[in-house]
Amino acid sequence: MALKQRTEPSTNRHPFLLAVEDVAHQFGTNVETGLTASQVAELQKEHPSNELESGEGISWHKILIKQLSNAMILVSRVANYNKEAQANNSRYLYLQCRSVLESSITLKAESL
């Protein structure tokens, strides 16, 4: 595949708008053969590798504590606690009423 020679510079257009051959020409490479070893070495000198520095990361337990202390999680916990407390209170009231009713039925049965 031969490279097309362009007379006007194509740097005013984004590479994604260009044909493959035009992009290859703009970056000075060949689509079929790629870069030569000397071109790779030269480009690596100009543009260092794209790597993040591997410093110490955040430990998993700090992330967990941060997640658990998140405001939405706290609100959800409080709401869930209130819901459980209401359920427990309802159950307690039910048991109290049942106990009162059973004792009143027992008293009535004894008085008869």
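All of the numbers you see were taken from the coordinates with simple rules; none came from a lab. Note that this is a predicted model, so its numbers are computed, not measured. A quick note on method: Cβ atoms are made from the backbone with ideal geometry, for glycine too, and the neighbour counts reach across all protein chains shown.
What is the fewest-to-most order of 59, 54 by other Cβ atoms lying within 10 Å of their Cβ?
Sorted ascending by nearby Cβ count, the order is 54, 59.
Can you tell me how the stretch 60-111 classifies by the Cα gyration tensor, rounded, prolate or oblate, using a/c under 1.5 as the rounded cut?
Taking the square roots of the gyration eigenvalues as a ≥ b ≥ c, the stretch 60-111 is prolate.
Which residue, 89, 78, 105, has the largest displacement toward the positive end of the dipole of the stretch 60-111 when charges sit on each Cβ (Lys, Arg +1; Asp, Glu -1)?
78
Kindly put 16, 27 in sequence by how many other C-beta atoms sit within 10 Å of each C-beta, fewest to most.
Ranked by crowding around the Cβ, least crowded first: 16, 27.
Subtract the Cα-Cα distance of residue 61 and residue 74 from 0.36 nm times their separation in residues, and report this length gain in nm to one decimal.
2.9 nm
For the stretch 50-79, list residues with backbone N below 18 Å from a point placed 7 Å from the Cα of residue 85 toward its Cβ?
In the stretch 50-79, the label zone of residue 85 (backbone N under 18 Å from the point 7 Å along Cα→Cβ) covers 73-79.
If I model a spin label at residue 39 and residue 100 as a point 7 Å from the Cα along the Cα→Cβ vector, what separation in nanometres do I get?
Going from the residue 39 label point to the residue 100 one covers 9.1 nm.
With θ set to phi - 60°, apply the Karplus curve 6.51 cos²θ - 1.76 cosθ + 1.60 along the stretch 52-61 and write out the HN-Hα couplings as whole Hz, x wherever there is a Gly or Pro.
7, 6, 8, x, 5, x, 7, 5, 5, 6
In 5 Å bins starting at zero, report the fraction of Cα pairs in the stretch 27-92 per bin as a rounded %.
The calculated distribution, bin by bin, is 3, 12, 9, 9, 8, 7, 6, 6, 6, 8, 7, 5, 4, 4, 3, 3, 0.
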